[in-house]
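See structure below.
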Amino acid sequence: MEEDMITLEAALYVSGRALTLEELGNIIGKSQSTVQKLLDELSFEYDKRKGALEIVALPRDRYAMQLRPELTPSVGRLIPGGLLSFATLQTLVFIALKQPIIQSELVMQRGTHCYDHVKELVEKKFVEAVPEGRSKNLTTTPLFADYFGLDSDRIKLKAQLQFKLKRILAEQKEREEQAERGLSG
């Protein structure tokens, strides 16, 4: 069993994407229920040690290994090639929370720099832009939901995103308050 768990961990690490229980079962030659139990145990071990990585369960019986979201602001710039700039990430979050949103409305709210952000987000397949009149209707894609460990259902996705944002902002505020106490103390 230990060898199977190590193999599952390696598969999640090297794949760089979410894997289904079926795919993982084929890798170790075990049933999906056995894989599920092993992944639950592996996820528990990662949570217990509070390291940089986490194992996340995604909709449709898929699992992924990812960097804990709260670490992205401090180390995200080191990720080669694929990471979004903070401004582009803000635009992506805005689209995710307001979707479906017309691009012209997004530009009125966030500024003309959003045209470049939308172009990059479409290229990375995080956002779909469907022509609507003289503008485009913007929505997030299933890849966006998978990549960020969110549900693909828009209502659930928005709730998860709001929860994660509140948690990240609360942790950031706590760090800033601790830094202030450290400077004044």
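Name every residue in region 130-141 that is exposed (fewer than 15 other Cβ atoms within 10 Å of the Cβ) and of a type in the set (D, E, K, R), in order of residue number.
Passing the criteria: Glu132, Arg134.
Conditions: (1) in a helix (DSSP H, G or I); (2) touching a residue at least 24 places away in the same chain (Cβ under 8 Å). Gln66 meets all but one. Number of the miss?
Failed condition: (1).
Output the number of the condition that Ala57 fails; it satisfies all remaining conditions of (1) closer than 30 Å to Glu174 by Cα; (2) assigned to a helix (DSSP H, G or I).
Here Ala57 meets the rest and fails (2).
What's the number of the only condition in (1) outside the structural domain of Ile155 (by TED's automatic domain parsing); (2) loosely packed, with under 15 Cβ neighbours inside 10 Å; (3) without any contact (Cβ under 8 Å) to a residue 12 or more places away in the chain; (4) of a type outside the set (S, T, N, Q) that Arg17 fails to meet?
Every listed condition holds for Arg17 apart from (3).
Does at least one position in region 43-53 carry a residue that is in contact (Cβ under 8 Å) with a residue 12 or more places away in the chain and either more than 19 Å from the chain's Cα centre (by Cα) or under 19 Å from Pro142 (Cα atoms) (or both)?
For region 43-53, residues in contact (Cβ under 8 Å) with a residue 12 or more places away in the chain and either more than 19 Å from the chain's Cα centre (by Cα) or under 19 Å from Pro142 (Cα atoms) (or both): absent.
Can you find a residue in region 72-95 that is of a type in the set (Val, Ile, Thr), in contact (Cβ under 8 Å) with a residue 12 or more places away in the chain, touching a helix residue (DSSP H, G or I) at 6+ places or on another chain (Cβ under 7 Å) and not assigned by TED's automatic domain parsing to the domain that holds Thr140?
The answer is no, given that none of the residues of region 72-95 is of a type in the set (Val, Ile, Thr), in contact (Cβ under 8 Å) with a residue 12 or more places away in the chain, touching a helix residue (DSSP H, G or I) at 6+ places or on another chain (Cβ under 7 Å) and not assigned by TED's automatic domain parsing to the domain that holds Thr140.
Are any residues in region 84-138 on the phi > 0 side of the Ramachandran plot and basic (Lys, Arg), and if so, which ones?
Filtering region 84-138 for residues on the phi > 0 side of the Ramachandran plot gives 111, 125, 133.
Within region 84-138, just Lys125 meets the criteria.
Rundown of residues vs (1) part of a helix (DSSP H, G or I); (2) crowded, with 16+ Cβ neighbours inside 10 Å, yes/no style:
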{"site": "Leu84", "(1), (2)": "no, yes"}
{"site": "Leu106", "(1), (2)": "yes, yes"}
{"site": "Leu143", "(1), (2)": "yes, yes"}
{"site": "Lys164", "(1), (2)": "yes, yes"}
{"site": "Leu169", "(1), (2)": "yes, no"}
{"site": "Gln178", "(1), (2)": "yes, no"}
{"site": "Gly182", "(1), (2)": "yes, no"}
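Of everything in region 1-48, what is closer than 16 Å to Arg60 by Cα, of a type in the set (Val, Ile, Thr) and part of a helix (DSSP H, G or I)? Give them in sequence order.
Matches in region 1-48: Val35 only.
Given the conditions (1) over 22 Å from the mean Cα position of the chain (by Cα); (2) modelled with pLDDT under 90, report the number of the one that Ala159 does not fulfil.
(1)
The values are calculated or read from the model by the stated rules, or taken from the named source; none is laboratory data. On a predicted model such as this, the values are computed, not experimentally measured, just so you know. Using ideal geometry, Cβ is built from the backbone for each residue, glycine included, and neighbour counts are taken over all protein chains shown.
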